[in-house]
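Working notes for the structure below.
Any read-out appearing in this document is the output of simple, stated calculations on the displayed coordinates, not a laboratory observation. None of the values given here were measured: they were computed from a predicted structure. Cβ sites come from the backbone with ideal geometry, for glycine too, and all protein chains shown count toward neighbours.
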Amino acid sequence: MLLVLASLLTLTSGTLSLDKLNMCMDGKHQKTAPGPEGQLFLQCTPWRDNACCTANTTEEAHEDNSYLYNFNWNHCGAMSPSCKRHFIQDTCFYECSPHLGPWIQPADESWRKERVLNVPICKDECEQWWEDCKDDFTCKSNWHKGWDWSSKVNKCPEGSKCRKWTEVFPTPKSMCEEIWSNSYLYTTHLKGSGRCMQLWFSGKNPNREVAEYYNQAQQSRSFANEVGINPYFQL
């Protein structure tokens with residue numbers, strides 16, 4: 001009986017989890033469902049076969065102070081091109097990726113109803129991001145909140161000062177985890193391992209495999225909890 005019930009639970013949760021592997025979060029600019037987008041712009045092109053973003057969104061992702069979020073990358077002087085490239089890639093990943101389901105959480109914010117939390121980012125990608133930004137400047141470690149928006153564009157809050165990147169983010173881990181309120185989780189996995197999400201890729205999207213792995217892990221934990229707390233399963 002236990003084996004039958006376990007099989008039924010696994011099949012049911014497997015069916016319900018399929019959408020997690022190909023879905024769009026309920027955000028400000030994402031589509032309601034992923035699909036082909038043949039004209040995605042520059043750094044967002046890897047997602048053209050299956051995307052949660054539109055061509056217009058990807059074009060704006062490459063602009064300073066774009067209408068997407070009115071966010072000013074140059075809040076402490078001009079951001080270096082090498083650093084900005086990573087933030088554009090990060091924006092493409094956030095807006096376009098259809099494989100973030102295992103990490104999507106409700107968000108109580110005016111501009112979105114869902115967010116991602118603890119998306120496992122590849123060690124080498126995070127470290128290259130930090131390396132390319134280490135000579136830039138910023139005034140805040142958490143870029144999600146605490147800005148002065150009085151001019152409708154983010155400015156450093158009163159009392160803060162622009163500091164070198166490495167003072168604000170002493171390690172790649174601190175940057176990747178803190179800058180977007182733990183949207184990313186720093187890992188020791190490398191690109192191509194199937195255990196971390198890649199912000200850039202060519203050819204087939206490798207992130208579905210990663211989402212499948214973590215989704216299965218979540219299902220296994222959920223089933224273990226069910227077995228542990230439900231007396232019926234302990235017979």
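Odds and ends about this structure:
- Relative to the current alpha-carbon distance between residue 59 and residue 134, full extension at 0.36 nm per residue lengthens the span by 24.4 nm.
- Highest-first arrangement of 141-153, 74-86, 195-207, 115-127, where packing means the average Cβ count within 10 Å: 115-127, 195-207, 74-86, 141-153
- Net length gained if the chain between residue 208 and residue 149 were fully extended (0.36 nm per residue, minus Cα distance): 17.6 nm
- Applying a threshold of 23 Å to the alpha-carbon distances of 113/152; 113/204; 28/155 flags 113/204 as lying beyond it.
- Within the same chain, aspartates and glutamates fewer than 8 places from residue 164 are excluded, and of the rest, those with a Cα less than 15 Å from its Cα are 131, 132, 135, 136.
- Gain on full stretching of the segment that runs from residue 108 to residue 39 - 0.36 nm per residue minus C-alpha separation: 21.6 nm
- Mean shadow area of segment 15-170, taken as a quarter of the surface of its Cα convex hull (nm²): 9.9 nm²
- Relative contact order computed over segment 77-123 (Cα-Cα under 8 Å; 6+ residues apart), in percent: 24 percent
- Other residues with beta-carbon under 13 Å from the beta-carbon of residue 106 carry, at +1 per Lys or Arg and -1 per Asp or Glu, a net charge of -1.
- If you plug the beta carbon distance of residue 49 and residue 69 into 1/(1 + (r/R0)^6) with R0 = 35 Å, you get a FRET efficiency near 0.85.
- Residue 124-residue 162 pseudo-label distance in nm [points 7 Å out on the Cα-to-Cβ vector]: 3.4 nm
- Modelled label reach - residue 182, point 7 Å along Cα→Cβ, segment 133-147 residues with backbone N closer than 18 Å: 141-146
- Taking Lys and Arg as +1 and Asp and Glu as -1, the other residues whose beta-carbon sits under 14 Å from that of residue 167 total +2.
- Qualifying aspartates and glutamates (Cα of each under 15 Å from Cα of residue 191; at least 8 residues distant if same chain): 124, 125, 127, 209
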